[in-house]
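To start, the structure under review is shown below, and the notes come after it.
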Amino acid sequence: MTSPQAPHIVMPPADAITKAAEQLAAGELVAFPTETVYGLGGDAENPTAIAAIYAAKGRPANHPVIVHVAPEGDPGYWSDDVTPAARKLMDAFWPGPLTLILKRAPHIPDAVSGGQDSVGLRCPSHPVAQALLREFARIKGGSGGQGGVAAPSANRFGQVSPTAAQHVRDEFAGLPGVTIHVLDGGEAAVGIESTIVDLSRGFPALLRPGHITPEEIAEVLGEMPRLPGQDTDAPRASGTLKAHYAPRTPLYLCDADQFAPALAMRPGGERVAVAAFASTLAKLPADASASADIVKVVLPATPAALATDLYAMLRRLDRANVTHILFERLPDTPAWAAVGDRLGRAAAAFERA
């Protein structure tokens, strides 16, 4: 299987962005692109719209969503405790793929935080997202609002996140009672969800790894954030359940030397996918390399390239008519941590109890 071309941005006409902002203001749902993945957006100050997001995704009501704000937005509107550390990280990484967890201001609906006293804020860098957020803020400004858009990934809960508009359309096609307007902005460049850092408890804590690394955060703050394994009292955050980001096709992680025996034990005629680095695929037995029943996918050699293509790859494999996916375990290094996190959670969905 071949990978798609490099991600590219599509800028919709201005009237399409205005219409999408008006739909948000009317309490409707709009899927829109960010640099990470497509988000399923609703007015973050409208509990009915937030409830519609949860219903469309099949998302548990106690699982928080992230509020997206325009570059000119006021974080102090959403949080009554925007700390100096938060300001430093905003200055360093906004707009960009970083979500900050802060204390939620009392007038903000607790539905965005799953009932917690915190709120997740992010300012995306994608130009379509920024244009939509700015237009929505203009509309909401007349009634005193700031135009924040609550937007988890635009997929059914626990499934593969979308990195293109067609992924969103495919995900929700035919779902009864659900209307989602899709604003097409091309393909997501980062390809995995934002880094999440909690600042609501007096110290920085990494809740979800992403494109922005703990080391980069530490360089700005002067201290390393607590890592997930070091933080047993962390607030609930998007995308941190053990099983998440899963394709429909069962996915299993393999070390490089496990592919040959795994393929040898497969029942006759069973069609499987092998996603591995080129060096691993080159070592497969000749009969496996030549078999038409083995779909081979060469993994990109860098973490950033794999992150960009990971979710689209899993969606392609879901359409490849294979019984399961054998995916090479990624290197256990900081550079691979974020994409490895997504892959590990995808595989956890198929672990035997």
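The values are calculated or read from the model by the stated rules, or taken from the named source; none is laboratory data. All values reported here derive from a predicted model rather than from experimental measurement. Please note: Cβ atoms are built from the backbone with ideal geometry, for glycine as well, and neighbour counts cover all protein chains shown. Note: areas computed on protein heavy atoms with side chains; ligands, DNA, RNA excluded. Shrake-Rupley method; radii C 1.70, N 1.55, O 1.52, S 1.80 Å.
For region 308-347, filtering for residues that are farther than 29 Å from A165 by Cβ and surrounded by fewer than 18 Cβ atoms within 10 Å (Cβ to Cβ) leaves 7.
Which of the residues belonging to region 127-144 are open to solvent by less than 10 Å² (accessible area, probe 1.4 Å) and in contact with a helix residue (DSSP H, G or I) (Cβ under 9 Å, 6 or more places away or on another chain)?
So the first thing to find is which residues in region 127-144 are open to solvent by less than 10 Å² (accessible area, probe 1.4 Å), and the list is 128-129, 132-133, 136.
Answer for region 127-144, where residues must be open to solvent by less than 10 Å² (accessible area, probe 1.4 Å) and in contact with a helix residue (DSSP H, G or I) (Cβ under 9 Å, 6 or more places away or on another chain): V128, L132, L133, F136.
Per the listing A256, A218, A260, A243, the residue uniquely within 30 Å of H126 (Cα to Cα), surrounded by fewer than 22 Cβ atoms within 10 Å (Cβ to Cβ) and touching a helix residue (DSSP H, G or I) at 6+ places or on another chain (Cβ under 8 Å) is A243.
If only residues of region 167-186 that are surrounded by fewer than 24 Cβ atoms within 10 Å (Cβ to Cβ) and assigned to a loop (DSSP other than H, G, I, E, B) are counted, the one that is nearest to the chain's Cα centre (by Cα) is D184. Quick check on region 85-102. Is at least one of its residues touching a helix residue (DSSP H, G or I) at 6+ places or on another chain (Cβ under 9 Å), farther than 19 Å from L207 by Cα and open to solvent by less than 50 Å² (accessible area, probe 1.4 Å)? Looking for residues that are touching a helix residue (DSSP H, G or I) at 6+ places or on another chain (Cβ under 9 Å), farther than 19 Å from L207 by Cα and open to solvent by less than 50 Å² (accessible area, probe 1.4 Å), one finds none in region 85-102, hence no.
Against the test of being among the aliphatic types (A, V, I, L, M), surrounded by 20 or more Cβ atoms within 10 Å (Cβ to Cβ) and touching a Cys at 6+ places or on another chain (Cβ under 8 Å), the options V69, V30 yield a single qualifying residue, V69. Only a single criterion out of (1) assigned by the TED database to the domain that holds K103; (2) in contact with a strand residue (DSSP E or B) (Cβ under 8 Å, 6 or more places away or on another chain); (3) more than 29 Å from R315 (Cβ to Cβ) is not satisfied by E216, namely (2).
Residues in region 119-128 that are farther than 10 Å from I17 by Cβ and among the hydrophobic types (A, V, I, L, M, F, W, C): V119, L121, C123.
Looking at region 44-58, is at least one residue under 17 Å from the mean Cα position of the chain (by Cα) and open to solvent by 10 Å² or more (accessible area, probe 1.4 Å)? Among the residues of region 44-58, at least one is under 17 Å from the mean Cα position of the chain (by Cα) and open to solvent by 10 Å² or more (accessible area, probe 1.4 Å), which makes the answer yes.
The criterion of being aromatic (F, W, Y), closer than 28 Å to Y38 by Cβ and open to solvent by 30 Å² or more (accessible area, probe 1.4 Å) holds for F350. G158 fulfils the conditions (1) touching a His at 6+ places or on another chain (Cβ under 8 Å); (2) crowded, with 23+ Cβ neighbours inside 10 Å except for a single criterion, (2).
Screening region 103-116 for residues that are without any contact (Cβ under 8 Å) to a residue 40 or more places away in the chain and touching a helix residue (DSSP H, G or I) at 6+ places or on another chain (Cβ under 8 Å) and picking the one that is nearest to V65 (Cα to Cα) gives R104.
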